[in-house]
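> Dropping the structure in here first, questions after.
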Amino acid sequence: MAFAQILWTVVSWLYIVSTSLLLAWMAYYDFRRTHTPPGLKQRAKLRIFNMIINFIFGMGLLLEKLGICSQTTVLRMFFGGFPSMADPDLYIKDVYFEHVPVRVYWPKKIPAGNKRGILYIHGGVGQLGTIRTYERVCRHLAKESDSVVVNIGYRLSPEYPPPVQMKDCVTAAVHFMKNARYYIVNPNCIVVAGDSSGATTAAAVCQELACRADLPRVRAQVLIYPFLQAVDFSLPSYQQNHSIPILFKKRAISLGFRYFSLGFRYDLEGLIKSAHIPDDMKVKYKKWISAEHIPDEFKVRGYVPETPAPFSEELGQLCAPALETWFSPLLAEDEIIRRLPEAFLLTCEYDVLRDDGLLYKKRLEDNGVPVTWCHIQDGFHGIAYLIGLGPLKFPSTLVAMKKIISFLQGLS
């Protein structure tokens, strides 16, 4: 009995000490290596929010190193969301579209004809997030835009390697489009939307469906701070925002390539310097992905052209899947781009992914696709996800969501 008490005391103290050291390290890391420029509003709140996220990432990494559980498991617990609750303004039902679980939200207002439909694909780098995680976002979209929203619960990596996630979303989209009237939706007014990596998949789904003659045409695509290319990680936005919460440059790249179950088996610095791109492909991709295509006003906070590293055949083979269009939609050929539906593109000034959105905007416009562009000057990555979180939301959250709702309401 005495031994058990001693052991429990030792374990408790080890837990307290390790947690305290981790918190101290997170605070040090945040204040020494995290940058919150004056253009961001409520900077103190952002720092606190970022420290919480850093603590979760750090705790996950520690438990992974100790062999207790993976970092992904810890992150999923934190971003798992809450059980669904009744809503006086919505009918909510969990169903399956083929094998894909979805949650459908119908406004209770009596419809004057069939409603607009929104297929929503959540972010999380294909590894995190669930239907519950994005409950707040989808409820808000359904109520404020008076639309039927479908929240897609696609399967996650690493249990289901890519591109399973994109295929699940295509399956759900096809089912919804073929059965739209059953859900009181106009089949000619279906929008594909997503945020972050969900916007990546939304763009890829639209490209996949663009040539389908057996389906109604997608009415519009809504891409909220999308990741769209794995070619150049030294664009101005990557340089300017590399240490701005909540999506740091190295974290974004690391999470992106862990999606492919590469773990830490790749050369991060080589990726940053485009050593995974063959020389002939660098020439081809430059016409689409280059700082030369970024307007000068987005370079005023600093930009220094970087010389790409020599091609690494090993890194190139390892990272080849990241250049497929379901992960890098910016690499689609013009004949696909010009078939796409009109787009709403939201970018944030203090987001490493800002320039992906700007480059896709240019490609769409160059190919005659109408684009409604919303740039949140004081925005950072993840602002839309914070809707409905009370004091955790930021002024930019409300601005972004109002712009999205306004665009959706204008569709018919």
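> Every residue in segment 364-412 that is in a loop (DSSP other than H, G, I, E, B) and β-branched (Val, Ile, Thr), please.
Scanning segment 364-412 gives 369, 383, 387.
> A further question follows. Got at least one residue in segment 359-370 being in contact (Cβ under 8 Å) with a residue 40 or more places away in the chain and in contact with a strand residue (DSSP E or B) (Cβ under 7 Å, 6 or more places away or on another chain)?
Yes, some residue in segment 359-370 is in contact (Cβ under 8 Å) with a residue 40 or more places away in the chain and in contact with a strand residue (DSSP E or B) (Cβ under 7 Å, 6 or more places away or on another chain).
> Return a yes/no flag: does segment 107-126 have any residue that is surrounded by fewer than 13 Cβ atoms within 10 Å (Cβ to Cβ) and either touching a Leu at 6+ places or on another chain (Cβ under 9 Å) or outside the structural domain of residue 201 (by TED's automatic domain parsing) (or both).
yes
> For segment 309-363, enumerate the residues that are assigned to a loop (DSSP other than H, G, I, E, B), charged (D, E, K, R) and either over 18 Å from residue 403 (Cβ atoms) or not assigned by TED's automatic domain parsing to the domain that holds residue 170 (or both).
Residues satisfying the conditions are 324, 333, 338, 339.
> Just to be sure before I move on: is residue 204 of a type in the set (A, V, I, L, M) and at pLDDT below 95 in the structure I sent?
So residue 204 fails the test.
> Based on what the data block shows, is residue 182 part of a loop (DSSP other than H, G, I, E, B) and without any contact (Cβ under 8 Å) to a residue 24 or more places away in the chain?
Judged against the criteria, residue 182 is not a match.
> Which residue, of 223, 215, 209, is in contact with an Asp or Glu (Cβ under 9 Å, 6 or more places away or on another chain) and either outside the structural domain of residue 73 (by TED's automatic domain parsing) or of a type in the set (Ser, Thr, Tyr) (or both)?
223
> Within the bounds of segment 259-276, is there any residue that is of a type in the set (Ser, Thr, Tyr), crowded, with 18+ Cβ neighbours inside 10 Å and over 30 Å from residue 376 (Cα atoms)?
Yes: one or more hits.
> Please indicate, with yes or no, whether at least one residue in segment 115-124 is without any contact (Cβ under 8 Å) to a residue 24 or more places away in the chain, over 21 Å from the mean Cα position of the chain (by Cα) and under 23 Å from residue 170 (Cβ atoms).
no
The values are calculated or read from the model by the stated rules, or taken from the named source; none is laboratory data. Note that the coordinates shown come from a computational prediction; the quantities given were computed from them, not determined experimentally. Cβ coordinates were reconstructed from backbone atoms using ideal geometry, including for glycine residues, and neighbour counts include every protein chain displayed.
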